[in-house]
Amino acid sequence: MSESPYIFDATMENFQQQVMDASSETPILVDVWADWCAPCKQLMPILEKLANEYQGQFLVAKVNADEQQQLTGSLGVRSLPTVILVKEGQAVDGFNGALPEGEIRKILDKHVEAPAEDPYETAHKRWEQGDIDGALAILTEMNQKDPDNLKVLIDIAQLKAELGDVDTAEQVLNSLPPEEKLQTQAKQLAARIKFIRQAGQLPPVAELEHVLANDPKNPEALHQLALQHVLKEENAEAMALLIRLMQADASYKDGVAKTTLIELFDKLGSNNPDVRAYRRKLYTLMH
């Protein structure tokens with residue numbers, strides 16, 4: 001038996017009340033299954049995922065075909081799994097076999113109101129698609145409704161920084177409680193602000209590449225070109241240059257290569273594959 005509040009066991013005794021009658025208010029997806037049925041076991045986690053995602057927009061009534069043979073027969077089941085969608089006391093749709101999740105969604109969406117998308121997820125989707133203004137509008141509205149949500153506030157600051165409003169982003173960062181400034185999101189924001197502030201002081205990429213072509217170990221050019229790559233989100237290239245700088249002159253500007261690498265690790269987060277790779281290189285270089 002699933003622990004989901006949207007899934008229950010249906011029997012001959014409760015079917016009329018909990019399925020047929022209840023379907024006048026909430027659609028019920030009747031899943032007829034058996035322990036020995038492999039496709040049934042493939043289907044179960046999909047139905048559970050969808051039931052939880054739709055958050056009560058429909059319920060799943062599970063009918064064990066071996067234990068509920070009379071009910072299974074009355075439903076006209078000929079193969080397993082059989083899924084029947086009951087709405088307002090009538091079977092309105094259904095399918096046999098373990099359909100893919102996308103196909104089941106299509107069936108549900110014909111009869112069941114789709115769940116409202118989490119605005120935070122919507123904002124991040126727009127952010128990933130490059131719609132910074134759209135993401136900012138959603139997050140700003142969320143912030144107005146819940147000013148204490150620091151996750152949303154830091155995201156707003158990140159977006160402000162991307163739009164070039166570094167002063168506002170820094171004000172948000174400075175307003176955070178001390179313990180929050182130690183969290184990953186805040187450390188990433190602090191690193192981004194620092195990198196953006198340095199951008200206006202950097203020579204053009206072509207000029208830096210020309211310097212390095214003639215002097216591959218030039219520490220200033222290595223550092224500045226690394227920062228240029230950071231600003232373009234070319235993080236692996238930036239890390240490679242910082243490692244080169246450490247190899248060329250680890251003491252340059254009081255060890256700025258190591259410091260910048262660590263700040264870049266903070267900016268990207270420990271789950272980033274480039275961070276994992278270059279953290280190992282940094283460790284090897286230092287030891």
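The values are calculated or read from the model by the stated rules, or taken from the named source; none is laboratory data. From a predicted model like this one, the values you see are computed outputs, not experimental measurements. Reconstructed Cβ throughout: ideal geometry from the backbone, glycine too, with neighbour counts over all protein chains shown.
Tabulated values for the structure
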| quantity | calculated |
| --- | --- |
| Residue match in the range 189-202 (condition: surrounded by 15 or more Cβ atoms within 10 Å (Cβ to Cβ), among the charged types (D, E, K, R) and at pLDDT 85 or above) | no |
| Inter-residue pairs, beta-carbon under 6 Å, first surrounded by 15 or more Cβ atoms within 10 Å (Cβ to Cβ) and in the range 227-238, second of a type in the set (Val, Ile, Thr), 6+ apart | GLN228/VAL205; ALA238/VAL230 |
| Unique match (being touching a Lys or Arg at 6+ places or on another chain (Cβ under 7 Å) and either closer than 30 Å to ALA169 by Cα or not assigned by TED's automatic domain parsing to the domain that holds SER175 (or both)) among ALA236, ALA226, ALA248 | ALA248 |
| Near pairs, Cβ below 7 angstrom, 6+ apart or cross-chain, from the range 1-17 (modelled with pLDDT under 95) to any residue that is in a helix (DSSP H, G or I) | SER2/GLU48; SER4/GLU48; SER4/ALA51; SER4/ASN52 |
| Hits in the range 55-70 - residues which are at negative phi and either surrounded by fewer than 20 Cβ atoms within 10 Å (Cβ to Cβ) or in contact with a Ser or Thr (Cβ under 7 Å, 6 or more places away or on another chain) (or both) | GLN57, PHE58, LEU59, VAL63, ASN64, ALA65, ASP66, GLU67, GLN68, GLN69, GLN70 |
| Residue count, the range 119-163 (criterion: within 22 Å of LEU231 (Cα to Cα), under 17 Å from the mean Cα position of the chain (by Cα) and either small (Gly, Ala, Ser) or not assigned by TED's automatic domain parsing to the domain that holds ALA190 (or both)) | 2 |
| Residues being under 31 Å from the mean Cα position of the chain (by Cα), farther than 21 Å from GLY89 by Cα and not in a helix (DSSP H, G or I) - total across the range 1-54 | 5 |
| Scope the range 59-102; condition within 17 Å of CYS40 (Cα to Cα) and among the basic types (Lys, Arg); matching residues | LYS62, ARG78 |
| Restricting the range 196-211 to residues that are over 25 Å from GLY269 (Cα atoms) and assigned to a helix (DSSP H, G or I), the residue that is nearest to the chain's Cα centre (by Cα) | VAL205 |
| Residue in the range 103-123 that is farthest from LEU47 (Cα to Cα), counting only those that are exposed (fewer than 15 other Cβ atoms within 10 Å of the Cβ) and of a type in the set (Lys, Arg) | LYS110 |
| Scope the range 164-195; condition of a type in the set (Gly, Ala, Ser), more than 21 Å from the chain's Cα centre (by Cα) and closer than 17 Å to VAL152 by Cβ; matching residues | ALA169, SER175 |
| Conditions (1) more than 32 Å from the chain's Cα centre (by Cα); (2) of a type outside the set (Lys, Arg); (3) over 20 Å from ALA114 (Cα atoms); number of the one not met by ASP93 | (3) |
| Extreme residue, nearest to LYS125 (Cα to Cα), among residues of the range 163-188 that are modelled with pLDDT under 85 and in contact with a Lys or Arg (Cβ under 8 Å, 6 or more places away or on another chain) | GLN185 |
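This table checks each residue for (1) touching a residue at least 12 places away in the same chain (Cβ under 8 Å); (2) assigned to a helix (DSSP H, G or I); (3) hydroxyl-bearing (Ser, Thr, Tyr).
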{"position": "GLN224", "(1), (2), (3)": "yes, yes, no"}
{"position": "ALA257", "(1), (2), (3)": "yes, yes, no"}
{"position": "ASN271", "(1), (2), (3)": "no, no, no"}
{"position": "ARG280", "(1), (2), (3)": "no, yes, no"}
{"position": "THR284", "(1), (2), (3)": "no, yes, yes"}
